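Step one of this worksheet: look at the structure below.
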Amino acid sequence: MAGHDVVESDVLERVLGTAMRTGGEFAEVFIEDKRSTMAGLDDGRIEQVTSGRDRGAGIRVIKGDTTGFAHTADLSEAGLRSAAEAAAAAASQGTGGENIVALTRQLERRVSPVERFADQVSKTEKVALLQRVDEAARGSGGSIVQVSAGYADSRKRIMIANTHGLLASDEQARQSVRISVVANGDAGMQTGFQSTGHTFGFEMFDRIDVEELARDAARQALVKLGARPAPSGTMPVVIKRGSGGVLFHEACGHGLEADLIAKGGSVYRGKQGEVVASPLVTLVDDGTMSGEWGAIGIDDEGHPSQYNVLIEDGILTDYMWDYLRARNEGRKQSGNGRRQSYMHLPMVRMTNTFVLNGTEEPDDIVRDTEHGVYVAKLGGGSVNTATGDFVFGMTEAYLIENGEITEPLREGNLLGNGPQVLRDIDLLGNDFAMGNPGTCGKDGQGVPVGDGQPTLRVKALTIGGTAA
Amino acid sequence: MTGTVELQAIADRVVAMAQHGEHIEAFVSRDAETDIRIYEGQVEHFVAAQTEGVGIRVIRDGRTGFAYAGVLDETAVAEVLAEARDNVRFGTPDEWAGLAEPDGVDVIDQDLWSEALAEYTTDGKIALAKELERLTLAVDPRIRVDDANYADVASESAVATTTGIRRTGRENGCYVVVSTLADDGDETQTGFGFSVGRSPSEFDLAKAANEASDRATRLLGATKPSTKRTTVVLDPYITASFLGIISSTLNGESVAKGRSLFKDRLDESVASSIVTLIDDPTNPKAYTATDLDGEGLAARRNVLIDAGVLNKFVHSSYSARRVGTKSTGNAIRGGFKGTPGVGCLALQLMPGQRDQNALIADVDDGVLIQSVSGLHSGVNAISGDFSAGASGLSISKGQVGGPIREFTIASTLQRMLHDVVEIGNDVDWLPMRAAGVSLVIRDVTMSGT
């Protein structure tokens, strides 16, 4: 399957011609052919192996400020032309001249090398991973009462052709494993979670110890059996390396997306060149980070992925851009035009977003904190990009008392304001790590993203617990 | 309707291919969607989309395999069946695995299809979204509109099984939603307003516009409150979200797998005696009213908590077999890409006697909660820990005061159900799996400065 064209380029040229028939200024065909496998283990059983096939094309036509979009699962020339007509009609009621589009093929580049694509690996091997996970988690202690685990892989081939003559393609592989554990104790049940995901091939499981991940999920649940209620009120928070990048993704990254900036829905509008963060902070979005969950050779508009510095030493340097927003501003795209599938319109999305290393030893950061909370694992969260207000779940957290990590805490939300947090980072560690694979949701679309940061301290965040 | 006939024929053909000793379920669906976004009086995007696909579940010797494809041509369907059969080999034998069987419960027909919507013109849909943007901007000079949207979906589906289930359904609906920003000096706050209907004639655009304006402007000038224990009054919309969380603790599959905090609590008191919680998808007022569940069994009314006593969990045929009971008609299917899970279909708290103002009048010191965030991250339905970001209005001596934000409310699900003080009479049939109603809960920790 490697390197093949899902649709021939001369067909794409004719389809683009059809798409421009109502006088559009730009047309694009996005084609996707994806095979996926999922396996679920729960309650000690492999409950189900699922195979999926998603294949189709999304066609958009832009005229003025209007985008018309249609998609189809019919990849015959007739099917594509019919979708092109629908998109053209949706964008414009006018008529255009004859459109001749000549496509130039871009060379494919591989940011994440793949040795074994998952569709060449037996299902037996995949299922065996889950059985190892189950055994390792259950072997962690008699209080572990339930384990569920999921394996998922996909191999996706995408092609993008547009009326600027671009013809680009990419092959994207993803494998992930997630583990949820329940432990039961005198004070009720507690949960633990771990996951891993990469854009390498199945060979990643030669390097990643899934049993270790399972034991870590079990450890979290067991530790929390003895947890006390989280405190309430505002206090310093130390966030362990690789566990809080999601906070920067949500609370800062979204506000740097050019589509939100354009509509004034971001606190960072008009702030380019200004100090928006502590001078310790350099924030990067990097789609080229080999193997990471948000790594892509090209974005879903055919633009090569890039290393983009968003904030440098506290100063806002640039936003992230897709085709439409870059066109409106007369500038270059940044490789951030992404979409969930051929059924969706692209928009500005992050890839792998992270804070670069500082200079502090992580132990010193804790030692320097008199009283506060140490977050070892942050869960999901949400942000209001217009205000920067966010909440995140603390799935594993401890009290810090007199410069030492002491008792485990029950779960709760952590609340703050993105721009304020960027300014309130007063200690930044030298121990950078990437975090768990994530799915970023925006406007109803989910795309895979990565995040990371070194251990760091935020001067003040609100902890949403019940203890006084 | 020719569409459902065609889908049923595909499902029937798949099931007819079942071999000896093999059970098959085929689910086939086709959706058509329109999605229009207006910004500054112009169409920003117009999406016209049709999606179709088939999901096939095969069970043999207690092992389950599943496959799907987003295409319906004959070759693709044959490939899906072959993949599902292949996947059977990797499942662990499960004595309870199986498909639903007809259980004799009568289907209560629901009116889920609007011909008026099916015939509504594209220009008319665009005009609705433009009108919503215009009305919203007219409410308050501090308001900007982020975007105004019209969307509709029409779905047809068919399911068939070797156990004798054979059903088709079709359903359509539409909504408008507007996102707002309110500015005052350096401060910006956000809001939204929506209206839903089986057809556009049911929309109340003025109400949506007013709510979108009010949600954004009411938070301007809000302060961060201090940390304390307090009484919260939940707006109907917030209660509906809260019930959504409670519903996962009443999920029969979670109970069977030891993952529900109520697993051993049937017939015990789990809530204040004024709490009666019902799942009733046969009530046509419910947004998620339906005649069939995800396995093709009749949807039905189930009393889950009766005057504070835990009465019943919701089950699919699988979870019911595991615990030795019968399906409550609560299988939920998310589409052709998955097999049915278990969940509540249309929850409702039995309402009380008084309106929200009367409830507030009885609160000496508290908060009216108008929005929450982070319910998915700060609530653990297994441990019961509850923590959510919130904003709203302070309440003092029975009167609402100024706006407050940047605080959390926290308790545990177990305690909150017992701490329910009163339920309002203001039932709101929101576009969610639970109806809204005002709810007063005492002894919640508010964490602020």
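Here is a yes/no grid of residues against (1) surrounded by fewer than 18 Cβ atoms within 10 Å (Cβ to Cβ); (2) more than 23 Å from the chain's Cα centre (by Cα); (3) within 11 Å of chain B (Cβ to nearest Cβ); (4) not β-branched (V, I, T):
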position	(1), (2), (3), (4)
A:F26	no, yes, no, yes
A:T37	no, no, yes, no
A:I46	no, yes, yes, no
A:D54	no, no, yes, yes
A:T66	no, yes, yes, no
A:S82	yes, yes, yes, yes
A:Q93	yes, yes, yes, yes
A:P113	yes, no, no, yes
Residues in the range B:248-276 that are more than 18 Å from B:S411 (Cβ to Cβ), of a type outside the set (D, E) and under 20 Å from the mean Cα position of the chain (by Cα) total 6
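Tell me, which residue of the range B:119-153 that is of a type in the set (G, A, S) and either more than 30 Å from B:G185 (Cα to Cα) or within 14 Å of chain A (Cβ to nearest Cβ) (or both) is surrounded by the fewest Cβ atoms within 10 Å (Cβ to Cβ)? Full working, then the answer.
Taking the range B:119-153 and keeping what is of a type in the set (G, A, S), we get B:124, B:127, B:129, B:138, B:148, B:151.
From what's left, either more than 30 Å from B:G185 (Cα to Cα) or within 14 Å of chain A (Cβ to nearest Cβ) (or both): B:124, B:127, B:129, B:148, B:151.
Numbers: B:G124: 11, B:A127: 15, B:A129: 24, B:A148: 32, B:A151: 18.
Here the answer is B:G124.
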Conditions (1) of a type outside the set (D, E, K, R); (2) crowded, with 21+ Cβ neighbours inside 10 Å; (3) facing another protein chain (nearest Cβ under 8 Å) -> B:V58 fails only (3)
Counting only residues in the range A:117-136 that are within 14 Å of another protein chain (Cβ to nearest Cβ) and among the small types (G, A, S), the one farthest from A:Q190 (Cα to Cα) is identified as A:S122
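Conditions (1) in a loop (DSSP other than H, G, I, E, B); (2) under 18 Å from A:Q194 (Cα atoms), marked per residue:
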position	(1), (2)
A:L427	no, no
A:N436	yes, yes
A:T439	no, yes
A:G452	no, yes
A:K459	no, no
Exactly one of B:V43, B:V47, B:V80 is within 8 Å of chain A (Cβ to nearest Cβ), over 28 Å from the mean Cα position of the chain (by Cα), more than 19 Å from B:A100 (Cβ to Cβ) and part of a strand (DSSP E or B), and that residue is B:V43
When the range B:85-104 is checked residue by residue, the ones that are within 8 Å of chain A (Cβ to nearest Cβ) and in contact (Cβ under 8 Å) with a residue 60 or more places away in the chain are none
Screening A:V238, A:V246 for residues that are at pLDDT 95 or above and either of a type outside the set (S, T, N, Q) or assigned to a helix (DSSP H, G or I) (or both) leaves only A:V238
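Residues checked against (1) small (G, A, S); (2) within 12 Å of chain B (Cβ to nearest Cβ); (3) free of Cβ contacts under 8 Å to residues at least 40 places away in the same chain:
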position: A:G388; (1), (2), (3): yes, yes, no
position: A:D443; (1), (2), (3): no, yes, no
position: A:V447; (1), (2), (3): no, no, no
position: A:V458; (1), (2), (3): no, no, no
Residue hits (the range A:87-125; assigned to a helix (DSSP H, G or I), touching a helix residue (DSSP H, G or I) at 6+ places or on another chain (Cβ under 9 Å) and farther than 30 Å from B:F46 by Cβ) are A:A118, A:K123, A:E125
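Looking at A:T439, A:T466, which is the one that is touching a Gly at 6+ places or on another chain (Cβ under 6 Å), β-branched (V, I, T) and within 14 Å of chain B (Cβ to nearest Cβ)? Explain how you work it out, then say what you get.
Numbers: A:T466 fails: touching a Gly at 6+ places or on another chain (Cβ under 6 Å).
Being touching a Gly at 6+ places or on another chain (Cβ under 6 Å), β-branched (V, I, T) and within 14 Å of chain B (Cβ to nearest Cβ) holds for just one of A:T439, A:T466, which is A:T439.
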B:R442 passes all but one of the listed conditions (1) surrounded by 20 or more Cβ atoms within 10 Å (Cβ to Cβ); (2) away from chain A (no Cβ under 11 Å); (3) farther than 18 Å from B:D280 by Cβ; (4) not small (G, A, S); the exception is number (1)
**Prompt:** When you look at A:G150, is it within 14 Å of another protein chain (Cβ to nearest Cβ), modelled with pLDDT under 95, surrounded by fewer than 20 Cβ atoms within 10 Å (Cβ to Cβ) and under 30 Å from A:G393 (Cβ atoms), yes or no?
**Reply:** no
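Name the residues in the range A:321-361 that are assigned to a strand (DSSP E or B) and touching a strand residue (DSSP E or B) at 6+ places or on another chain (Cβ under 6 Å), would you? Let's see the steps before the verdict.
Filtering the range A:321-361 for residues assigned to a strand (DSSP E or B) gives A:337-338, A:347-348, A:352-355, A:360.
A:R338, A:V348, A:N352, A:T353, A:F354, A:V355, A:E360, listed by residue number.
Any residue at all in the range B:109-118 that is more than 10 Å from chain A (Cβ to nearest Cβ), under 24 Å from the mean Cα position of the chain (by Cα) and charged (D, E, K, R)? Give the derivation first.
In the first step, residues of the range B:109-118 are kept if they are more than 10 Å from chain A (Cβ to nearest Cβ); the result is B:109-118.
If we keep only those that are under 24 Å from the mean Cα position of the chain (by Cα) too, we end up with B:109-114, B:117-118.
Pick out the ones that are also charged (D, E, K, R) and you get B:109, B:111.
There is at least one residue in the range B:109-118 that is more than 10 Å from chain A (Cβ to nearest Cβ), under 24 Å from the mean Cα position of the chain (by Cα) and charged (D, E, K, R).
Is it fair to say B:T190 is over 27 Å from the mean Cα position of the chain (by Cα), polar (S, T, N, Q), modelled with pLDDT under 95 and in the same structural domain as B:A48 (by TED's automatic domain parsing)? So that I can check it myself, show each step before the final result.
Working: over 27 Å from the mean Cα position of the chain (by Cα): no; polar (S, T, N, Q): yes; modelled with pLDDT under 95: yes; in the same structural domain as B:A48 (by TED's automatic domain parsing): yes.
No; evaluated as a whole, the condition is false for this residue.
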Pairing a residue in the range B:252-277 that is small (G, A, S) with any residue that is surrounded by fewer than 16 Cβ atoms within 10 Å (Cβ to Cβ), where Cβ atoms lie under 6 Å and the two sit 6 or more apart in sequence or on different chains, gives B:A256/B:V323; B:S273/B:A307
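Return the total of residues in the range A:362-412 being of a type in the set (A, V, I, L, M), part of a strand (DSSP E or B) and more than 30 Å from B:A216 (Cα to Cα).
To start, the set of residues in the range A:362-412 that are of a type in the set (A, V, I, L, M) comprises A:365-366, A:373, A:375-376, A:378, A:383, A:386, A:391, A:394, A:397, A:399-400, A:405, A:409.
Keeping just the survivors that are part of a strand (DSSP E or B) gives A:373, A:375-376, A:378, A:383, A:391, A:394, A:397, A:399-400, A:405, A:409.
Checking the rest, the ones that are also more than 30 Å from B:A216 (Cα to Cα) come to A:373, A:375-376, A:397, A:399-400, A:405, A:409.
Of the residues in the range A:362-412, 8 are of a type in the set (A, V, I, L, M), part of a strand (DSSP E or B) and more than 30 Å from B:A216 (Cα to Cα).
The values are calculated or read from the model by the stated rules, or taken from the named source; none is laboratory data. Bear in mind that the values here come from a model prediction, so they are computed numbers and not experimental data. Neighbour counts run over all protein chains shown; Cβ positions are idealised from the backbone, glycine included.
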